[in-house]
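The values are calculated or read from the model by the stated rules, or taken from the named source; none is laboratory data. Given the structure is predicted, the values throughout are model-derived calculations rather than measurements. In this analysis, Cβ positions are derived from the backbone assuming ideal geometry, glycine residues included, and neighbour counts consider all displayed protein chains.
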Amino acid sequence: MMRIKEVIVVEGRYDKNTLSQLVDTLIIPTDGFGIFKDGEKKALLRRLAGEKGLIVLTDSDGAGFVIRNHLKGVIPQSQLKQAYIPDIYGKERRKAKPGKEGKLGVEGMPPAVLEAALRRAGATFLDESPEEAQRRRTITKADFFRDGLTGRPDSAQRRDALKRRLALPQRLTTNGLLDVLNQLYDYPTYLEIIETIKEP
């Protein structure tokens, strides 16, 4: 059982049941679209986000993204982490047929996939030392944005400079660059490298 600092928000009780077998933290279901009209639950989530931080872990279908986007609008971004599960097609055991889009939800994900999603989101694992956590942390699009590799007028030039510095193909897309960096470097090494291309 892995202890996580942040509170995790999921869609329903079956997602909560699956996740509670993997992690030791408070897990709050939105009851699907019920969160839209539940002012008390939103107030609780805002309070918890301020105290512990929130990780949103919804299904990868359209409904999951609607709920995720709603929460983005009511929780300060600095207190919110986004965990994404991959598109895996199939149906959960308890269901007679697959969901509308045919994708497995959080409840149907293997534990290793859920752990990887939480790690990519930057979850704080309490049983790890800060050094271990930083080594295991993946480089994310949020890091790219923070470091000026996306979202700025000169972002393309900065990405090109990074590719030259690391002798990587200039034709790599932004997502491709992110994937390659995560394969070649741990997070502390990435931070050291990014310092070398920051403005003087």
Qualifying positions in the stretch 159-172 - part of a helix (DSSP H, G or I) and surrounded by 12 or more Cβ atoms within 10 Å (Cβ to Cβ): R159, D160, A161, L162, K163, R165
Please go through the stretch 127-143 and pick out each residue that is in contact with a Ser or Thr (Cβ under 9 Å, 6 or more places away or on another chain) and either assigned to a loop (DSSP other than H, G, I, E, B) or β-branched (V, I, T) (or both). none
Go through (1) more than 19 Å from M109 (Cα to Cα); (2) surrounded by fewer than 21 Cβ atoms within 10 Å (Cβ to Cβ) one by one and return the number of the condition L45 breaks. (2)
Say whether the condition of being free of Cβ contacts under 8 Å to residues at least 40 places away in the same chain and acidic (D, E) is met by at least one residue in the stretch 14-21. no
Between N182, N175, which is more than 25 Å from G53 (Cα to Cα) and in a helix (DSSP H, G or I)? N175
Residue by residue through the stretch 22-33, note down the ones that are free of Cβ contacts under 8 Å to residues at least 24 places away in the same chain and in a strand (DSSP E or B). D24, I27, I28, P29
Among the residues of the stretch 81-104, which ones are surrounded by 14 or more Cβ atoms within 10 Å (Cβ to Cβ) and either modelled with pLDDT of 90 or more or touching a Ser or Thr at 6+ places or on another chain (Cβ under 7 Å) (or both)? K81, Q82, A83, Y84, I85, K103
Filter the stretch 185-200 for residues that are assigned to a loop (DSSP other than H, G, I, E, B) and among the acidic types (D, E); which is surrounded by the most Cβ atoms within 10 Å (Cβ to Cβ)? D186
Under 8 Å between Cβ atoms, which residue pairs at least 6 apart in sequence (or on different chains) link something in the stretch 65-83 that is within 15 Å of K41 (Cβ to Cβ) with a partner that is among the acidic types (D, E)? I67/E11
Selection status of R120, in contact with a Ser or Thr (Cβ under 6 Å, 6 or more places away or on another chain), touching a residue at least 12 places away in the same chain (Cβ under 8 Å) and closer than 30 Å to T18 by Cβ: yes
Among the listed residues A112, A156, which satisfies the condition of being closer than 23 Å to I8 by Cβ, assigned to a helix (DSSP H, G or I) and among the hydrophobic types (A, V, I, L, M, F, W, C)? A112
In the list T174, T138, which residue meets the criterion of being modelled with pLDDT of 90 or more and under 22 Å from the mean Cα position of the chain (by Cα)? T174
